[in-house]
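Asker: Here it is: the structure, laid out below.
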């Protein structure tokens, strides 16, 4: 079972003909995204969210807050 980004709010896939449409909402940027692909290639927040720039920035920000309050 694959892990998904903890900041992923909603995710679903539609298939229409040869196109696959991925809909996903990111908590970090507060936006809804749509990606259309010919192959079965889900967005990075489902495939490998540790490589996502938004995830890395938010994780770094949260770690900084935790460190500040525990020191």
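The values are calculated or read from the model by the stated rules, or taken from the named source; none is laboratory data. Owing to the predicted nature of the structure, the values given are computational and were not obtained by experimental measurement. Please note: Cβ atoms are built from the backbone with ideal geometry, for glycine as well, and neighbour counts cover all protein chains shown.
Asker: Residue 25 fails exactly one of the following numbered conditions: (1) at pLDDT 90 or above; (2) surrounded by 11 or more Cβ atoms within 10 Å (Cβ to Cβ); (3) not in a strand (DSSP E or B). What is the number of that condition?
Answerer: With respect to (1) at pLDDT 90 or above; (2) surrounded by 11 or more Cβ atoms within 10 Å (Cβ to Cβ); (3) not in a strand (DSSP E or B), residue 25 is out only on (3).
Asker: So residue 11 passes all but one of these: (1) part of a strand (DSSP E or B); (2) in contact with a helix residue (DSSP H, G or I) (Cβ under 8 Å, 6 or more places away or on another chain); (3) exposed (fewer than 13 other Cβ atoms within 10 Å of the Cβ). Which condition number does it fail?
Answerer: Of the numbered conditions (1) part of a strand (DSSP E or B); (2) in contact with a helix residue (DSSP H, G or I) (Cβ under 8 Å, 6 or more places away or on another chain); (3) exposed (fewer than 13 other Cβ atoms within 10 Å of the Cβ), the odd one out for residue 11 is (3).
Asker: Still on this structure, please answer the following. Looking at segment 28-49, which of its residues are closer than 13 Å to residue 8 by Cβ and in contact with a helix residue (DSSP H, G or I) (Cβ under 8 Å, 6 or more places away or on another chain)?
Answerer: The answer is 28, 29, 44, 45, 49.
Asker: What pairs can you find where one residue is in segment 18-47 and touching a residue at least 40 places away in the same chain (Cβ under 8 Å), the other is part of a helix (DSSP H, G or I) and surrounded by 13 or more Cβ atoms within 10 Å (Cβ to Cβ), and their Cβ atoms are less than 9 Å apart, with a gap of 6+ or different chains?
Answerer: 45/54; 45/55
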